[in-house]
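Since every read-out is calculated from the coordinates, none of them should be taken as a lab result. Given the structure is predicted, the values throughout are model-derived calculations rather than measurements. Methodologically, a virtual Cβ is constructed for each residue, glycine included, from the backbone with ideal geometry; neighbour enumeration extends over all protein chains shown.
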Amino acid sequence: MYIVTDGIVLKRVKVSDYDKILTIFTRKAGKVSAAVKGSQNPKSKLASGAHPFVYGEFSISKSGRLSSVTSIDVKNAFYHLREDLDKLTIASYFLELAHIVTVENIINNSLFDLLLVFLQVLEGSNDLKVQHLIKIAFELKLLDVIGLRPELNSCVNCGKETDDPKFTVEEGGVICKECYHLYPDNYRIGHVIPKLMKFILASDLERILETDIDPVLVKKIDFILNEFLLYHLERKGFRTLKHFNEITSHS
């Protein structure tokens with residue numbers, strides 16, 4: 001098999017002094033693991049593209065168990081993401097999430113496009129509050145794309161609409177007063193947060209960033225989404241978020 005496809009490098013693992021294995025999220029083949037031989041050599045034509053975040057056109061050959069990258073035409077290396085620790089942390093988290101929710105050789109171009117757009121917008125942002133908003137917008141839209149969109153319109157248990165909802169992570173949505181007792185591990189979110197989350201889901205990123213959203217509400221949504229993602233993706237934590245959690249806890 002031989003393909004030429006746009007791709008984004010999600011992860012790299014060094015396997016020898018000169019060789020790496022890249023995990024590449026591609027348009028034509030989904031997530032692919034491929035060896036890049038000689039990429040540790042500065043003279044290698046593949047060296048510049050064998051890094052996380054790189055978006056480019058990859059030529060990939062598969063013969064046997066492991067694919068190999070034969071050429072990389074870099075379209076965007078996202079250098080500016082690497083120059084700012086805050087942006088690097090969030091961008092690394094986006095790659096981690098994409099790696100977790102994708103399956104080898106399963107195409108998901110909606111998620112591919114989402115990841116690419118959000119990396120581009122994040123790279124151009126220099127405000128931590130805006131970056132925090134970009135983060136929760138990515139999380140919500142990723143959940144929508146992979147079929148885990150939270151239920152925000154009516155009670156997940158009885159189907160009634162409510163003006164004083166709480167949120168159950170386990171069932172993945174809002175609950176009404178009559179059903180509070182069924183879900184003791186719930187979070188009071190009020191009526192504004194579900195509306196704001198629905199607005200983010202329904203809007204493109206440009207419109208979201210043009211809207212004046214209270215940072216306190218962003219933090220509350222961020223907490224809910226973190227708990228939601230940990231539970232439904234069956235994770236104990238996200239290794240890339242330590243720095244981000246530290247800086248936002250003091251802001």
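See the values below:
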| read-out | value |
| --- | --- |
| Mean projected area (nm²) of the alpha-carbon convex hull when the chain is viewed from all directions | 14.7 |
| Per-residue HN-Hα couplings for segment 10-23 [Karplus 6.51, -1.76, 1.60; θ = phi - 60°; Hz; x = Gly/Pro] | 8, 7, 9, 10, 7, 10, 7, 4, 10, 10, 9, 10, 9, 9 |
| Segment 2-76: relative contact order as a whole-number percent, Cα under 8 Å and 6+ apart | 32 |
| Within straight-line cross-link reach of K75, lysines at Cα separation under 18 Å, skipping those fewer than 8 residues along the same chain | K11, K28, K45 |
| Compactness of segment 153-239 - radius of gyration and Dmax, Cα, Å | 13.7, 40 |
| Beta bridge orientation in the chain: antiparallel %, DSSP, nearest 5 | 90 |
| Spatially proximal lysines relative to K166 (Cα-Cα < 30 Å; intrachain offsets below 8 disregarded) | K129, K135, K141, K177, K195, K198, K219, K220, K236, K242 |
| DSSP beta bridge pairing in segment 2-76, given as percent antiparallel to the nearest 5 | 95 |
| Debye, to nearest 20: dipole size of the chain, +1 on Lys, Arg Cβ, -1 on Asp, Glu Cβ | 1040 |
| Charge dipole magnitude, Cβ of K and R +1, D and E -1 - segment 2-76, Cα centre, debye nearest 20 | 160 |
